[in-house]
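*Asks:* Below are the structure tokens for one structure; questions will follow.
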Protein chains: 2
Amino acid sequence: MPAPASEALVVLAARLLAACRRHGLTLAAAESCTGGLIGHVLTEVPGASDVFVGGIVSYGDGAKVRLLAVAASEIARHGAVSEQVALAMADGARERLRADLAVSVTGIAGPSGGAPGKPVGLTFVAVADARGHDVQRHVWSGDRSANKRASAGAALSLALERLEASGS
Amino acid sequence: MPAPASEALVVLAARLLAACRRHGLTLAAAESCTGGLIGHVLTEVPGASDVFVGGIVSYGDGAKVRLLAVAASEIARHGAVSEQVALAMADGARERLRADLAVSVTGIAGPSGGAPGKPVGLTFVAVADARGHDVQRHVWSGDRSANKRASAGAALSLALERLEASGS
């Protein structure tokens, strides 16, 4: 499946914002490899500010620890690109930004950065709310820009599915 | 002057990253109305991670205070879209992300959000480093998306000019 175009991401972002609004929830984002793309597409939608409170782009490991309260021991044990760190980033964004719902992404966009067992394109997306978490593992096969768009789309979709599963 | 296209912003981002690399400086971003666009275009450039440590998207005023240590009294006195808050955001990003150089943007992307003396399109961009600050005021006249791109371009250019003025 090709990575979504920017325009498709904005459509998805508008759907997520509308679903949050219906549920009376605020939204935050914790982004590593997407670098701010999720916040960018959310804020392309007029009126986003009544739902989207902000985001943290934790590109380096130090930023994950200091700004999102991810445990350095978790990064050391599982690696920055792991299910555990994706979940901790979503929890950290909810807490630090005082949002009801938070999405997170950590991955290897490429072209470099791969390692044994952690190929280029490996990405974890997560969502956290007051009831708990969801997390997904993906391995994208596009270039850096396409992998970022695929990751942003997966994170927005995961949050939307979680809201829709809870009834709207 | 029309707002830069996304591709032009990535070219500008690559120039800023190269200039930071030449000066041995790390880079952070504090974004309000751009919503993550600056981080997004910086991380479109392969190898950005050795310079760009991360960013804070402080879309709401609460996020500006909690995550960037902007004084609530400054926001109350001057408004969130002001020279003073742009400078405080850049300082906060440098400190919280432990970066050598930080850029910031605060503005009214539109279509709503204007007020007497603060028209839609009003935007302040700032840059902070160990030696001090620069700040610029702009009033963009495009739509929401174009105003975001114009703001991101102005912030990246301001940082690049500051580095080039200091000699490379």
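*Asks:* Given B:Leu25, B:Leu17, which one is aliphatic (A, V, I, L, M), modelled with pLDDT of 95 or more and part of a loop (DSSP other than H, G, I, E, B)?
*Replies:* The conditions single out B:Leu25.
*Asks:* Turning to a different aspect of this structure: For A:Val127, all conditions in the list (1) outside any strand (DSSP E or B); (2) surrounded by 18 or more Cβ atoms within 10 Å (Cβ to Cβ) hold save one; what is the number of the exception?
*Replies:* (1)
*Asks:* While we're looking at this one, here's another question. Could you check B:Leu163 against (1) assigned to a helix (DSSP H, G or I); (2) closer than 19 Å to B:Glu31 by Cβ and say which number it fails?
*Replies:* Just one mismatch for B:Leu163, condition (2).
*Asks:* Taking B:Gly142, is it open to solvent by 50 Å² or more (accessible area, probe 1.4 Å), under 22 Å from A:Gly36 (Cβ atoms) and either of a type in the set (Gly, Ala, Ser) or modelled with pLDDT under 95 (or both)?
*Replies:* No; evaluated as a whole, the condition is false for this residue.
*Asks:* Does segment B:30-55 hold any residues that are part of a loop (DSSP other than H, G, I, E, B) and either buried (at least 23 other Cβ atoms within 10 Å of the Cβ) or facing chain A (nearest Cβ under 7 Å) (or both), and which are they?
*Replies:* B:Ser32, B:Cys33, B:Thr34, B:Gly35, B:Gly36, B:Thr43, B:Glu44, B:Pro46, B:Val51
*Asks:* Something else about it: Give the number of residues within segment A:90-113 that are open to solvent by less than 10 Å² (accessible area, probe 1.4 Å), closer than 18 Å to A:Ser151 by Cβ and more than 13 Å from the chain's Cα centre (by Cα).
*Replies:* The number of residues fulfilling the criteria is 1.
*Asks:* For A:Val70, only one of the following conditions fails: (1) assigned to a helix (DSSP H, G or I); (2) more than 7 Å from every other protein chain (Cβ to nearest Cβ); (3) among the aliphatic types (A, V, I, L, M); (4) surrounded by 24 or more Cβ atoms within 10 Å (Cβ to Cβ). What is its number?
*Replies:* Of the numbered conditions (1) assigned to a helix (DSSP H, G or I); (2) more than 7 Å from every other protein chain (Cβ to nearest Cβ); (3) among the aliphatic types (A, V, I, L, M); (4) surrounded by 24 or more Cβ atoms within 10 Å (Cβ to Cβ), the odd one out for A:Val70 is (1).
*Asks:* Let me ask something additional. Has segment A:145-154 got any residue that is among the polar types (S, T, N, Q) and crowded, with 23+ Cβ neighbours inside 10 Å?
*Replies:* Yes, there is a match, as at least one residue in segment A:145-154 is among the polar types (S, T, N, Q) and crowded, with 23+ Cβ neighbours inside 10 Å.
*Asks:* Report yes if some residue within segment B:98-114 is facing another protein chain (nearest Cβ under 10 Å), under 23 Å from A:Asp61 (Cβ atoms) and part of a helix (DSSP H, G or I); otherwise report no.
*Replies:* no
*Asks:* For segment A:77-86, does any single residue satisfy the condition of being at the interface with chain B (Cβ under 7 Å from one of its Cβ atoms) and either under 18 Å from B:Gly36 (Cβ atoms) or surrounded by fewer than 24 Cβ atoms within 10 Å (Cβ to Cβ) (or both)?
*Replies:* Checked segment A:77-86: no residue is at the interface with chain B (Cβ under 7 Å from one of its Cβ atoms) and either under 18 Å from B:Gly36 (Cβ atoms) or surrounded by fewer than 24 Cβ atoms within 10 Å (Cβ to Cβ) (or both).
*Asks:* Under the condition of being surrounded by 24 or more Cβ atoms within 10 Å (Cβ to Cβ) and touching a Leu at 6+ places or on another chain (Cβ under 7 Å), which residue from segment B:20-29 is farthest from A:Val57 (Cα to Cα)?
*Replies:* B:Leu27
The values are calculated or read from the model by the stated rules, or taken from the named source; none is laboratory data. Model, not experiment: these values are computed from the prediction. Every residue, glycine as well, gets a Cβ built from its backbone with ideal geometry; the counts of neighbours run over all protein chains shown. Surface accessibility is based on the protein's heavy atoms, side chains included, excluding ligands, DNA and RNA. Shrake-Rupley method; radii C 1.70, N 1.55, O 1.52, S 1.80 Å.
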